[in-house]
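Encoded as structure tokens, the structure appears first; notes follow it.
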Amino acid sequence: MQLIFETSGFKVRELTLRDFKPFHEMHSNVNVMQYVRGRAMTYEENKKELPSLIERYKNPKNDFWIYAIERKEDAHFVGTVALVKDEQNEDEIGYRFLEKYWGNGYGFEIAEGLVSYCRSIGLPKLIANVVVKNEASTKIIKKLGFQFVENFVSDDLKLPERKFILNL
């Protein structure tokens with residue numbers, strides 16, 4: 001299990017099969033997944049998804065990185081971060097947390113750490129696509145200096161979204 005980056009309160013590391021219980025709890029929660037897939041995932045879907053994400057770490061041409069967020073104080077899994085290539089080959093960031101950890105300021109700390117990590121590996125810019133109704137994420141993205149680019153309706157969720165960009 002490789003450490004990717006750290007913040008003052010968190011370690012971001014590769015996922016492991018030991019993460020299944022909280023991973024499933026997060027992905028089976030409709031409130032968490034409403035802006036990601038539009039629906040909660042089933043136990044069987046999560047049993048396939050987690051090993052698939054872990055397997056991607058072995059592929060040197062992988063462009064879909066999902067990592068675990070672990071709280072330093074107690075080593076609890078609290079969510080995931082994403083760094084993926086979108087359809088336009090742009091580097092898109094994302095994050096999600098177990099609902100019980102919402103409202104604690106974790107989102108900003110992790111997103112700020114992810115931006116710093118992306119800068120350190122030489123990415124020239126980042127994008128963030130945020131569902132319009134997801135006001136908490138919009139606030140975080142703007143606080144990090146991302147600039148609004150356009151409104152669109154996503155093909156997968158069929159929801160109004162906003163695209164933001166941050167030049168690194």
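Select from 76, 144, 66 the residue farthest towards the positive end of the dipole of segment 40-168; place +1 on Cβ of Lys and Arg, -1 on Cβ of Asp and Glu, and compute about the Cα centre.
144
About its Cα centre, what dipole magnitude does segment 9-164 give when the only charges are +1 on Lys and Arg Cβ and -1 on Asp and Glu Cβ, stated in debye to the nearest 20?
220
Looking at segment 64-160, what % of the alpha carbon pairs are farther apart than 25 Å?
Cα-Cα pairs of segment 64-160 separated by over 25 Å account for 18 percent.
Probe of 1.4 angstrom, ligands and nucleic acids ignored: what's the accessible area per residue over segment 68-116, in square angstrom?
Per residue, segment 68-116 has 45 Å² of solvent-accessible surface.
Write down the radius of gyration of the chain and its Dmax, each obtained from C-alpha positions, in Å.
In Å, with Rg to one decimal and Dmax whole: 15.1, 40.
Run the accessible area of the chain with a 1.4 Å probe and give the carbon-and-sulfur part as a rounded percent.
49
Work out from phi, with θ = phi - 60° and the Karplus expression 6.51 cos²θ - 1.76 cosθ + 1.60, the ³J(HN,Hα) of each residue of segment 103-118, listed in order in whole Hz, and give x for Gly and Pro.
Whole-Hz 3J(HN,Hα) from phi for segment 103-118: x, 9, x, 5, x, 5, 4, 5, 4, 5, x, 5, 4, 4, 4, 4.
Taking amide H atoms as placed 1.01 Å from N in the peptide plane, list the residues 5 or more away in sequence, or in a different chain, whose amide H sits under 5 Å from that of residue 4.
For residue 4, the qualifying residues are 12, 13, 14.
So what J values fall out for segment 144-156 if you push phi through Karplus, 6.51 cos²θ - 1.76 cosθ + 1.60 with θ = phi - 60°, rounded to Hz, Gly and Pro as x?
In residue order, the calculated couplings are 7, x, 5, 10, 5, 10, 6, 9, 7, 10, 5, 5, 7 Hz.
In square angstrom, rounded to the nearest 10, how much accessible surface does residue 36 have for a 1.4 Å probe?
40
Once you place label points 7 Å from the Cα toward the Cβ at residue 139 and residue 39, how far apart are they in nm?
3.1
If each Cα of segment 12-100 is one equal point scatterer, what is log10 of I(q)/I(0) from the Debye formula at q = 0.10, 0.19, 0.21, 0.25 Å⁻¹?
Rounded to two decimals, the profile gives -0.24, -0.91, -1.11, -1.44.
Among the lysines, select those whose C-alpha is under 16 Å from the C-alpha of residue 133, and discard any that sit fewer than 8 residues away in the same chain.
142, 158, 163
Where the centroid of each part is defined by its Cα atoms, how far is segment 7-41 from segment 89-140 in Å?
14
The values are calculated or read from the model by the stated rules, or taken from the named source; none is laboratory data. Computed from a predicted structure; not experimentally measured. Here the Cβ is made from the backbone with ideal geometry for all residues, glycine too, and neighbour counts use every protein chain on show. Keep in mind that these areas ignore ligands, DNA and RNA; they rest on the heavy atoms of the full protein, side chains included. Shrake-Rupley method; radii C 1.70, N 1.55, O 1.52, S 1.80 Å.
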